[in-house]
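Asks: Below: one structure in structure tokens.
The values are calculated or read from the model by the stated rules, or taken from the named source; none is laboratory data. Note that the coordinates shown come from a computational prediction; the quantities given were computed from them, not determined experimentally. As a convention, Cβ positions derive from the backbone with ideal geometry for all residues, glycine included, and neighbour counts pool all protein chains shown.
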Amino acid sequence: MPISENAKAVLERRYLARDEQGQPTETVDGLFRRVANAVAEGDRRFDSKADVVATAKEFYELMVSLDFLPNSPTLMNAGRPLGQLSACFVLPVADSMEDIFDAIKNAALIHKSGGGTGFSFSRLRPKGSTVNSTGGVASGPISFMKVFNAATEAVKQGGTRRGANMGILRVDHPDILEFITCKNDTREITNFNLSVGITEAFMEAVSQDKPYDLVDPATGRVVGQHSARAVFDAIVTSAWQTGEPGIIFLDRLNRDNVVPSQGEIESTNPCGEQPLLPYESCNLGSINLVNHLMKTPAGWVLDRAKLEKTIRTAVHFLDNVIEVNQYPLPEIDRMTRSTRKIGLGVMGFADMLLHMGVPYNSEEGVALAEEIMDTVNSIGHQASEELAEIRGPFPLFDQSIYRDGRPIRNATVTTIAPTGTLSIIAGVSSGVEPVFAYAYIRNVMDGTHLIETNQILKDRLVEAGIYSDELMHKIVEQGSLAHVDGIPEDIRRVFVCAHDVSPIWHVKMQAAFQRYTDNAVSKTVNFPNSATKEEVAEVYRLAFTLGCKGTTIYRDGSRNEQVLNIGKVN
Ligand code: ADP
């Protein structure tokens, strides 16, 4: 099994089944067998004579080769008593005490099972409105978000994952300014990512420098106006300072709402890549692109035949996950089965480019992104249509925007996930992000340091006859190869890290993947510490014009405790 020591450690710590003493009762190989067997059982629902053993073997090989991995809850829970396999959920938050606290309870149940939750708080009446039954004053969405946050904090102590939330507020909610800055105190609402739900009317008002209406969601009445530019600037300033809030383009999410009869899409999952209707859940899975290259005399090229086969098996796998999943709530069971959304995406894209010798920040890189995602999307849709011939289309197909076309099994097929843990298990770059750093220093127990180097770079430098500890130290110090002496130009061009890629290229790459993705793309646009607010604003505008569904930015050093550091000894 081509699994690294690091990946083994991650799996052993959090993913393997354990006994009551906390000792693992399975090996890594056993984990993949458990998941494959449990998911293959889905076939039996459609054919009592199905060859489940053959399907299980196919699924096992798909995972053990690291060609494809399903999202973490599937790896953790398939074939075990909990049986909750989805990563993403969206829960409604209606404007009453009962509904608010129901949502908190339901979120707690989901977090316990390893899923993440997204909420729109846009329906809550603004701070200061009256409460009819008591004659009191409403405390507003932000105060309730703090309660959701505290509940998440308590649940995470006992769970396998930290518990992650997305909180969304529409830009025309009267409390929007409080929302935009509510995480500026970095101790607040720490278990949430925040995004402002932007409307096209708002973007139009920004470009024309006009005021726009604020609407009280409880009454539907216009209760005031803000200058669109002032609010846009407030979002940009806060994002420049702290990385939050991000933005999502609500009209765009709803243009791709496959079953509008079921209501509006108001929120996404925690990392933003999966817009969902209230009570929907989604199963993600990611294809490891590095494993879909083949060596030719001209160098590494995409192995299209293998990629197509993986896509088909992955769609079969993810559709089975919907069948065998044990949902945390009856409403989620019903909604998820009625649209059957799956989110197949990719990981290791940046590593793939390194092998192929193509810079991430180049037209050629963007063209490859389009070619690959076009394939995943079109073959993925074909596979889902073929499944529909045997298993039937998703139950709400007749109400869907696809109803005049060929029946399809899954209302959505593709999503680009962050693959935070999956990419560590597969040993490749995460999602479609560029490589963050090529070399960094790891502290070792006895107080000494160890340099960890990206293997693809190391191989390339050894091949060029220039690998040395001294060179690696320089790369660590500078956080990039860009200004290190003695590196040949052909290597420097290709081995770009996240900070060498200008924000504009980050957005272009996100937009390229978005063009061929049903759902959305998880992507962070990295800025250097020296970036200005205007540069951030430009990226927001560009994301809008290039058709992205949202954007998240991060300026290096803008948060005290950032997860990844460049050029620093940790
Ligand atoms: P993984 O690599 O572990 O499968 P990703 O990093 O791809 O997960 O994240 C995919 C989705 O899984 C996120 O958008 C979110 O919905 C959910 N998720 C990620 N991390 C957590 C967490 N710590 N707790 C709960 N949900 C999470």
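Asks: Out of (1) in contact (Cβ under 8 Å) with a residue 12 or more places away in the chain; (2) assigned to a loop (DSSP other than H, G, I, E, B); (3) surrounded by fewer than 14 Cβ atoms within 10 Å (Cβ to Cβ), what's the single condition that is false for T134?
Replies: Checking T134 against (1) in contact (Cβ under 8 Å) with a residue 12 or more places away in the chain; (2) assigned to a loop (DSSP other than H, G, I, E, B); (3) surrounded by fewer than 14 Cβ atoms within 10 Å (Cβ to Cβ), the one that fails is (1).
Asks: With the requirement that a residue be of a type in the set (A, V, I, L, M), within 16 Å of the ligand (Cβ to nearest atom) and surrounded by 24 or more Cβ atoms within 10 Å (Cβ to Cβ), what does region 79-100 give you?
Replies: Answer for region 79-100, where residues must be of a type in the set (A, V, I, L, M), within 16 Å of the ligand (Cβ to nearest atom) and surrounded by 24 or more Cβ atoms within 10 Å (Cβ to Cβ): L85, A87, V90, L91.
Asks: OK, next. Name the single residue that is surrounded by the most Cβ atoms within 10 Å (Cβ to Cβ) among those in region 294-337 being of a type in the set (A, V, I, L, M, F, W, C) and under 18 Å from E41 (Cα atoms).
Replies: Filtering first and then ranking leaves L318.
Asks: Further question on the same structure: Take the residues in region 396-424 that are within 16 Å of the ligand (Cβ to nearest atom) and in a loop (DSSP other than H, G, I, E, B), then tell me which one is surrounded by the fewest Cβ atoms within 10 Å (Cβ to Cβ).
Replies: The qualifying residue surrounded by the fewest Cβ atoms within 10 Å (Cβ to Cβ) is G420.
Asks: Further question: Quick one: count up the residues across region 500-517 that are assigned to a helix (DSSP H, G or I) and closer than 18 Å to R255 by Cβ.
Replies: Qualifying residue count, region 500-517: 4.
Asks: Right, here's the next one. Right, E331: more than 16 Å from the ligand (Cβ to nearest atom), outside any strand (DSSP E or B) and out of contact with any helix residue (DSSP H, G or I) (no Cβ under 8 Å at 6 or more places or on another chain) or not?
Replies: yes
Asks: Let me ask something else about it. Looking only at residues that are surrounded by 17 or more Cβ atoms within 10 Å (Cβ to Cβ) and in a loop (DSSP other than H, G, I, E, B) in region 41-76, which one is nearest to the ligand (Cβ to nearest atom)?
Replies: Restricting to residues being surrounded by 17 or more Cβ atoms within 10 Å (Cβ to Cβ) and in a loop (DSSP other than H, G, I, E, B), the top hit is N71.
Asks: Another one. Yes or no: region 232-244 includes at least one residue that is acidic (D, E) and crowded, with 23+ Cβ neighbours inside 10 Å.
Replies: yes
Asks: May I pose another question? Could you tell me which of the residues A383, A350 is closer than 25 Å to A411 by Cβ and part of a helix (DSSP H, G or I)?
Replies: A383
Asks: Checking the condition more than 16 Å from the ligand (Cβ to nearest atom), modelled with pLDDT of 95 or more and of a type in the set (A, V, I, L, M), which residue from V435, V444, V428 passes?
Replies: V435
Asks: Sticking with this one: Output the residue which, of all residues in region 272-293 that are under 17 Å from the mean Cα position of the chain (by Cα) and under 13 Å from M335 (Cβ atoms), is surrounded by the fewest Cβ atoms within 10 Å (Cβ to Cβ).
Replies: Per the criteria, the residue is L277.
Asks: Moving to a separate point now. Exactly one of (1) part of a loop (DSSP other than H, G, I, E, B); (2) closer than 16 Å to P217 by Cβ; (3) within 16 Å of the ligand (Cβ to nearest atom) is unmet by G114. Its number?
Replies: In the conditions (1) part of a loop (DSSP other than H, G, I, E, B); (2) closer than 16 Å to P217 by Cβ; (3) within 16 Å of the ligand (Cβ to nearest atom), G114 misses (2) alone.
Asks: Can you go through A54, A40, A17 and tell me which one is touching a residue at least 40 places away in the same chain (Cβ under 8 Å) and more than 30 Å from P275 (Cα to Cα)?
Replies: Result: A17 is the single residue among A54, A40, A17 that is touching a residue at least 40 places away in the same chain (Cβ under 8 Å) and more than 30 Å from P275 (Cα to Cα).
Asks: Something else about it: In region 144-200, which residues are within 16 Å of the ligand (Cβ to nearest atom), under 19 Å from the mean Cα position of the chain (by Cα) and not β-branched (V, I, T)?
Replies: Correct list: R161, R162, G163, A164, N165, M166, G167, N191, F192, N193, L194, S195.
Asks: For the condition under 14 Å from N165 (Cα atoms) and either among the small types (G, A, S) or free of Cβ contacts under 8 Å to residues at least 12 places away in the same chain (or both), what is the one hit in A87, A78, A94?
Replies: Result of the check over A87, A78, A94: A87.
Residues are listed down the side, and each one gets a yes or a no for (1) at positive phi; (2) buried (at least 23 other Cβ atoms within 10 Å of the Cβ):
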residue: G140; (1), (2): yes, no
residue: S143; (1), (2): no, no
residue: K146; (1), (2): no, no
residue: A151; (1), (2): no, no
residue: A154; (1), (2): no, no
residue: G163; (1), (2): yes, yes
residue: M166; (1), (2): no, yes
residue: L169; (1), (2): no, yes
residue: F179; (1), (2): no, yes
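Asks: Also, quick follow-up: For region 294-304, indicate whether the set of residues that are of a type in the set (K, R), within 16 Å of the ligand (Cβ to nearest atom) and closer than 19 Å to S378 by Cα is non-empty.
Replies: No - not one qualifying residue is present in region 294-304.
Asks: When residues of region 260-271 are filtered for being buried (at least 21 other Cβ atoms within 10 Å of the Cβ) and over 16 Å from the mean Cα position of the chain (by Cα), how many remain?
Replies: Count: 2.
Asks: Could you list all residues from region 426-456 that are assigned to a loop (DSSP other than H, G, I, E, B) and among the small types (G, A, S)?
Replies: If the condition is that a residue be assigned to a loop (DSSP other than H, G, I, E, B) and among the small types (G, A, S), then G427, S429, S430, G431, A437, G447 are the ones that fit.
Asks: Let me ask something additional. Failed condition for I466, given (1) closer than 27 Å to R515 by Cβ; (2) surrounded by fewer than 17 Cβ atoms within 10 Å (Cβ to Cβ), with all others met?
Replies: It is condition (1) that I466 fails.
Asks: While we're here: Can you report the number of residues in region 381-424 which are within 18 Å of S86 (Cβ to Cβ) and of a type in the set (G, A, S)?
Replies: Selection size over region 381-424: 4.
Asks: Test G128 against the stated conditions and say whether it is of a type outside the set (A, V, I, L, M), within 16 Å of the ligand (Cβ to nearest atom), closer than 29 Å to L214 by Cβ and in contact (Cβ under 8 Å) with a residue 12 or more places away in the chain.
Replies: Here the answer is no, as G128 does not meet what is asked.
Asks: Follow-up question, since we're still on this one. Please indicate, with yes or no, whether at least one residue in region 203-213 is on the phi > 0 side of the Ramachandran plot, more than 16 Å from the ligand (Cβ to nearest atom) and in contact with a helix residue (DSSP H, G or I) (Cβ under 8 Å, 6 or more places away or on another chain).
Replies: Yes; the residues of region 203-213 include at least one that is on the phi > 0 side of the Ramachandran plot, more than 16 Å from the ligand (Cβ to nearest atom) and in contact with a helix residue (DSSP H, G or I) (Cβ under 8 Å, 6 or more places away or on another chain).
Let's see how each residue does on (1) out of contact with any strand residue (DSSP E or B) (no Cβ under 8 Å at 6 or more places or on another chain); (2) under 27 Å from G357 (Cα atoms); (3) buried (at least 19 other Cβ atoms within 10 Å of the Cβ); (4) in contact (Cβ under 8 Å) with a residue 24 or more places away in the chain:
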site	(1), (2), (3), (4)
V496	yes, yes, yes, yes
D500	yes, yes, yes, yes
W505	yes, yes, yes, yes
N519	no, no, yes, yes
K523	no, yes, yes, yes
Y540	no, no, yes, yes
G547	yes, no, no, yes
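Asks: Quick one: what pairs do we get from region 225-247, first residue modelled with pLDDT of 95 or more, second of a type in the set (D, E), C-beta under 7 Å, 6+ apart or different chains?
Replies: Pairs that qualify, where the first residue is modelled with pLDDT of 95 or more and the partner is of a type in the set (D, E), are Q225/D213; R229/D209; S238/E244.
Quick grid of which residues meet (1) over 23 Å from the mean Cα position of the chain (by Cα); (2) closer than 21 Å to G285 by Cα:
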site	(1), (2)
L11	no, yes
D19	yes, no
T27	yes, no
R34	yes, yes
N37	yes, yes
M63	no, yes
L69	no, yes
